[in-house]
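Inspection log for the structure reproduced underneath, given as structure tokens.
Nothing in this text is a laboratory measurement; each read-out follows from the coordinates by a stated rule. In this text the structure is predicted, and so the values were computed from the model without any measurement. As a convention, Cβ positions derive from the backbone with ideal geometry for all residues, glycine included, and neighbour counts pool all protein chains shown.
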Amino acid sequence: MKIAIFAAHPDDELIGCGGTILKGLQKGHNIQIVFATSGDLSERKIREKEVKSIYDKLKIAYHFLRLKDRYFQYSQSTIEKIIRLLREIKPDIIYYPHHNEEDRDHKELNKIMNESWWIANDTFMPQLGKPCKIKKILQYEIWTPISRPNYFERIDEFIEKKTELLIKYKSQINHQRYDAASRGLNAYRGVMELGEGFAEAFNLHWVNGEIL
């Protein structure tokens, strides 16, 4: 199984679906993470170094698009860049932020991905590569909880490792305790939706040719 995870900034991917990443890794899935920006407002070199320290050890591939933090937007050039990358990766499953995220970059990435994946999955723009065969698309929550999630991934076995990895984003954790916030939300999802434990919540957006 090939999985592509798109994040606006380094750390979004762990907050939103870190447990799911670790679960997929345990199952032997091929996971690749794409960062739209490198968190330039903090310090690009530091943020990219943190990514490297996390994912090189996990042996998960990652890509930096290096779009402008807080200023990147829906555009032909950005969409074509992502279409080309999707057709190179050829993921079975894609993850990206949900549309009601209050953060500007998270929401903008959602718009860009909504346009990019369906073009990449069809025969449009053949100059950008051969079409994908995407089977499933899930949108994750970061700063803004999904109001009505329709898919949950139990991550009891992976919550400690997820928290440990989040703390490696020291440039962000020193500013705000995203690890505590993420763990609290996962506990809430686990207890309220699954009856116990920890879970990550998603908007299951597309399954085998049907938008939900």
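One table, with the values for the structure above:
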| read-out | value |
| --- | --- |
| When the convex hull of its Cα atoms is projected in every direction, mean area for the range 19-85 (nm²) | 5.3 nm² |
| Simple Cβ-charge dipole of the chain, Lys/Arg +1 and Asp/Glu -1, about Cα centre, in debye nearest 20 | 680 debye |
| Cα convex hull of the range 2-211, projected area averaged across orientations, nm² | 10.7 nm² |
| Spatial separation of Cα centroids for the range 91-148 and the range 14-61, in angstrom | 17 Å |
| Over 30 Å between alpha carbons, listed pairs Lys111/Lys162; Lys90/Lys170; Lys49/Lys130; Lys45/Lys135; Lys59/Lys81 | Lys90/Lys170; Lys49/Lys130; Lys45/Lys135 |
| Computed lengthening from Trp118 to Lys49, 0.36 nm per intervening residue step minus Cα-Cα distance | 21.6 nm |
| Beta bridges by DSSP in the range 2-211, antiparallel share as percent, to the nearest 5 | 40 percent |
| Positive-end extreme of charge dipole, the chain - chosen from Leu67, Pro126, Ile173 (charges on Cβ) | Pro126 |
| Anchor Lys136: aspartates and glutamates whose Cα lies under 12 Å away (excluding residues fewer than 8 positions away in-chain) | Asp92, Glu210 |
| Two-site label geometry, Arg177 and Tyr71: point separation in nm, points 7 Å out along Cα→Cβ | 3.5 nm |
